[in-house]
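I have placed the structure first, in the form of C-alpha cells, so that the comments after it can refer back to it.
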Amino acid sequence: MAKTGTTTTQGLRSAIERSGYYPTLVSEAVEAAVGSDSVDAFLVHQETTFDANEVRRHVTVLVLTGTRFIVSHTDEQGADDTSPVPYATTSTESVKIGRISSVVVSRVVANPEKYTRGQLPREVVLTIGWGAVSRIDLEPAACGDPNCDADHGYTGSTTADDLSLRVSEAGDGPETVAQALAFAQALSEATARTPE
C-alpha cells in the first residue's frame, strides 16, 4: 500500500501483518533495512506459486524513503538436503534513489474502447531498473536482400530489469492494483526530484 505521512511506518507494519506471511520475520528485516529513515510509500505483495507437488509463498515488500528504495524478498523452502526442517530466506536491498534508472509501468486494460479516466487496469506490471541486473536480447542481423546469405552479425537491446512485479485485479484484488499504481507514481516522482 502506498501511503504518505506520519502513520506510514505503522501502515507498513499493518500491511505486512495482513499478508499473513511470517509477519514478524518480514517486519524485522524491513525495519532493519529502513533504519531511522521515514517511510514515504510502500507496497506489500504476496505471491503463491506451485512447484511440482509443493505450494510456495513469496512476499515482496517495496519501501520508499526520502533517499532510498528498499526491496525485501522472503521465500519459504521445504526441508531439503541442507536443512531437515522447513525454512525461510529473507533478503533486503537498499538502493539510493539517484541510482534508479527506470520505472516502467505496464497497464493491461480490458475493452479499451470503453475505458474511462481513473478506471483501474485489470493488471499492472511494475519494472524497476537500477543497474544491478540487465537483460540482453540478441538476434541475427539481416539486410533487406532476401537472397543474401552473408553473416551480418547480431543486433539487440539491453534492458534494465532488476525488479519486475505483476499484480492483477483477479489474483490480488483491486486495492493491490491501486496500491501498485500509487507506489509507482511515488517512486517516479522521487526519481525525478533526485539528481544522479
- Loop-located trypsin sites (Lys or Arg not before Pro) in the range 41-120, at most 14 other Cβ atoms within 10 Å (DSSP): ARG117
- On Cα atoms only, tilt of 8-19 relative to the major axis of the chain in degrees: 80
- Rounded to the nearest 10, the angle in degrees between the Cα long axis of helix 174-193 and the longest principal axis of the Cα atoms of the chain comes to 70
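Any idea of the accessible area per residue across the chain, 1.4 Å probe, to the nearest Å²? Numbers along the way, then the final one.
Numbers: 11670 Å² over 196 residues.
About 60 Å² of surface per residue is accessible.
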- Both in Å, the radius of gyration and Dmax of the C-alpha trace of the chain are 20.1, 67
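Which whole-number percentage describes the relative contact order of the chain, with Cα contacts under 8 Å and a sequence gap of 6 or more?
18
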- Note down, for the range 35-150, the three equivalent ellipsoid semi-axes (square root of 5 times each alpha carbon gyration tensor eigenvalue), biggest first, whole angstrom. 33, 26, 21
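Calculated FRET efficiency, GLU76 and GLU189, Cβ-Cβ r, R0 25 Å, to nearest 0.05? Mind dumping the intermediate values first?
Numbers: r = 34 Å, r/R0 = 1.36.
Once rounded, the FRET efficiency stands at 0.15.
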- Message: Can you say what percent of the DSSP beta bridges in the chain, counting only those with both residues inside, are antiparallel? Round to 5.
- Response: 100
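Over the Cα atoms of the range 1-86, compute the convex hull volume and normalise it per residue, giving Å³. Walk me through the intermediate numbers first.
Values: hull volume 8.5 nm³, N = 86.
Convex hull of Cα atoms, per residue: 99 Å³.
The values are calculated or read from the model by the stated rules, or taken from the named source; none is laboratory data. Because the structure is predicted, anything quoted here is derived from the model rather than measured. Here Cβ is always computed from backbone atoms with ideal geometry, including for glycine, and neighbour counts include all displayed protein chains. Just the protein is used for accessible areas: all its heavy atoms, side chains included, with ligands, DNA and RNA removed. Shrake-Rupley method; radii C 1.70, N 1.55, O 1.52, S 1.80 Å.
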